[in-house]
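Heads up: the structure comes next, in structure tokens.
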Amino acid sequence: MSNTSDILSKLPAEINVSFLRRLDFRSLLVCRKVSKFLRTIVDGTASLQYIIELGGSGLREGPLSGASTKERKAMLDKYNTAWRNLEWTSHTKLTETRGNEWQLSGGIWGQLDASVEHENAIYLYRLSSHLRGIEERRWVLQFVLEVYTFSMDPSQDLLVLIHTHPDHHYRHRCYISLVSLSKGVVHPMAFEAQDPSYHFMLNTDHAAGIRDARCSVQICGDHVGLLLAYGEFYILNWRTGVLKLSCLFENPISFTFLDSDHVAVVGGDERDTSSHLARLAIYSLGSDEPQVYKDGVYEADGEDPCLCSFLLPSFMDPMFMFDRGIKLSSDSCPAADGDVPFTASHDESLVVVRFASMAHGRDSFCLFVRSKTLLSHIRETHNTLGREIPWAEWGPRATRLISYREGQFPRAGSVQGMRYLWSKPVSFADGDSCVLLWDFYAHWTKTADEYYPLADQNEEELGKYGQICYPNGEKQLPYTEHGIALPPDLKAHSITLLLSEDTIIALKRINLLDLEVHLLTF
């Protein structure tokens with residue numbers, strides 16, 4: 001290494017910095033350990049320190065022009081401090097929030113008002129940010145359709161509508177329309193724009209199943225995933241119109257995208273696994289041929305439909321699952337970049353499996369794992385399709401598993417990047433209610449070498465970032481815990497909490513049709 005350092009030391013400083021600026025934050029941290037010379041450069045260069053702190057915070061550089069590294073660093077420090085202390089800068093209440101169907105994605109809040117028959121409106125609101133300089137925007141899209149549900153991807157200006165056919169003779173069928181989120185017209189990159197006569201129709205007569213709470217629509221890159229209440233599951237390439245995956249499961253499932261080529265599914269028909277254990281099944285979307293499965297069996301030749309599957313702990317027995325008791329969630333949909341100094345990086349996200357059991361004294365479980373952990377195992381199994389990966393091989397050292405009694409914590413939560421917000425306030429004996437956020441971002445936990453901090457800080461010095469938690473005495477996948485009391489007008493049992501990049505959203509139920517939407521903006 002000394003020869004390498006000698007060579008580098010002979011180069012102009014600006015050339016060394018130029019080379020290093022091309023690296024990501026993990027590679028820069030490795031460079032610090034190569035030699036004293038490189039460590040001096042990394043620690044003494046503001047732009048390199050900014051890259052490290054930005055990446056360790058789960059963020060990437062935005063396109064904002066005109067801001068110097070010093071100015072961006074100041075913005076980042078304020079942003080991180082606000083999230084460490086959960087110090088929002090404003091509390092506002094939205095108006096025009098009628099309707100029970102809502103979506104939060106990529107910094108956009110959308111709410112469907114289907115109160116007028118055959119003429120639905122979606123109210124859209126871009127969440128503002130004082131710390132990142134994002135201004136709010138409100139607009140309404142109206143459709144002469146009966147829209148059942150919808151999903152959004154602001155980074156692609158995409159709005160996916162699930163609706164009936166305008167002709168009443170075909171109203172028992174469900175259709176997908178792909179429109180511009182900003183304008184409400186057919187999306188120029190969608191297959192509908194290439195062939196207006198082609199409409200993708202779901203192969204179901206169960207239109208009512210779309211309205212079920214178990215229905216889910218998710219977007220990741222070129223793919224739209226749609227889960228119906230009756231076990232029908234589709235993955236569609238929204239640009240080409242090709243149906244990449246079609247499954248029919250006997251039991252309810254939950255799914256999430258790990259990346260643009262892999263989707264994870266829990267639930268389904270667990271009887272087809274050799275181990276008879278609950279599993280996290282991985283399906284590949286890389287094939288050019290449509291894949292059609294029924295009850296977990298590939299209809300074409302009877303092969304195992306899964307690329308691989310991750311076996312969950314034995315106590316997560318499907319036989320003792322509550323109805324809808326297993327839920328998978330992640331955050332696969334980035335925000336539009338806009339004119340911002342930095343934005344969330346989606347190179348990695350937190351995957352959460354929630355399991356509500358009728359056994360174990362009615363305990364519930366939350367399993368937290370990084371998407372990259374799963375993807376690294378997936379890459380190793382490409383030559384052994386259908387492999388079941390035992391829990392002991394992937395789980396104990398790379399996940400965080402907690403158990404809790406019903407009522408101790410809410411069953412669900414909201415994921416944004418590597419943060420997890422419990423969906424209900426945690427109540428205390430004195431009547432106070434507290435927002436509880438778990439932060440798995442590398443910059444705040446800083447325990448493994450690959451996620452080492454800017455300086456050699458120990459755990460006592462990290463206490464200022466929040467309480468670092470190592471359940472069960474293990475130092476695998478640690479997190480920092482942040483909590484703060486809610487405003488007085490939000491201390492109610494009916495509150496539901498959601499998490500966005502710059503906002504905590506509190507939903508307060510007024511009646512069957514109306515919600516109060518409160519924005520706690522950072």
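Please work out the FRET efficiency for the pair residue 484 and residue 43, using the Cβ-Cβ distance as r and a Förster radius of 30 Å; give the result to the nearest 0.05.
0.35
Please list, in chain and number order, the residues 5+ apart from residue 149 or on another chain whose amide H is under 5 Å from its amide H, with Hs placed from the backbone.
162
Do any of 244/508; 73/508; 93/183; 93/372 go past 29 Å between their Cα atoms, and which?
Over 29 Å Cα-Cα: 244/508; 73/508; 93/372.
What nm distance separates the two modelled labels at residue 137 and residue 237, each placed 7 Å from Cα along Cα→Cβ?
In this crude label model, residue 137 to residue 237 measures out at 3.0 nm.
Can you tell me how much longer the chain between residue 494 and residue 250 gets when fully stretched, taken as 0.36 nm per residue apart minus their C-alpha distance, in nm with one decimal?
84.5 nm
Tell me which residues come under 5 Å, amide H to amide H, from residue 134 once H is placed; ignore anything under 5 positions away on its chain.
Amide H to amide H, under 5 Å and 5 or more residues apart or across chains, residue 134 pairs with 129.
With a probe of 1.4 Å, find how much accessible area the stretch 44-115 has per residue, and write the answer as a whole number in Å².
44
Can you work out the FRET efficiency for the pair residue 380 and residue 130, with r the C-beta to C-beta distance and R0 = 51 Å, to the nearest 0.05?
0.70
For residue 414, what accessible surface area do you get with a 1.4 Å probe? Give it in Å², rounded to 10.
Approximately 20 Å² of residue 414 is accessible to the 1.4 Å probe.
Return the sequence-ordered ³J(HN,Hα) values of the stretch 130-135 in whole Hz as given by the Karplus equation 6.51 cos²θ - 1.76 cosθ + 1.60 applied to θ = phi - 60°, using x for Gly and Pro.
Result, rounded to whole Hz: 6, 7, 10, x, 9, 8.
Amide H to amide H, which residues 5 or more places from residue 174 or on other chains are under 5 Å from it, using H placed in the peptide plane?
Amide H neighbours of residue 174: 202, 204.
Based on the mean of other beta carbon atoms within 10 Å per residue, what is the order of 499-510, 17-28, most packed first?
With the highest mean Cβ count within 10 Å placed first, the list reads 499-510, 17-28.
The values are calculated or read from the model by the stated rules, or taken from the named source; none is laboratory data. Predicted model only: the values in this text are computed from it and were never measured. Every residue, glycine among them, receives a Cβ derived from its backbone with ideal geometry; neighbour counts consider all protein chains shown. Calculation scope for accessible area: heavy atoms of the full protein, side chains included, ligands and nucleic acids excluded. Shrake-Rupley method; radii C 1.70, N 1.55, O 1.52, S 1.80 Å.
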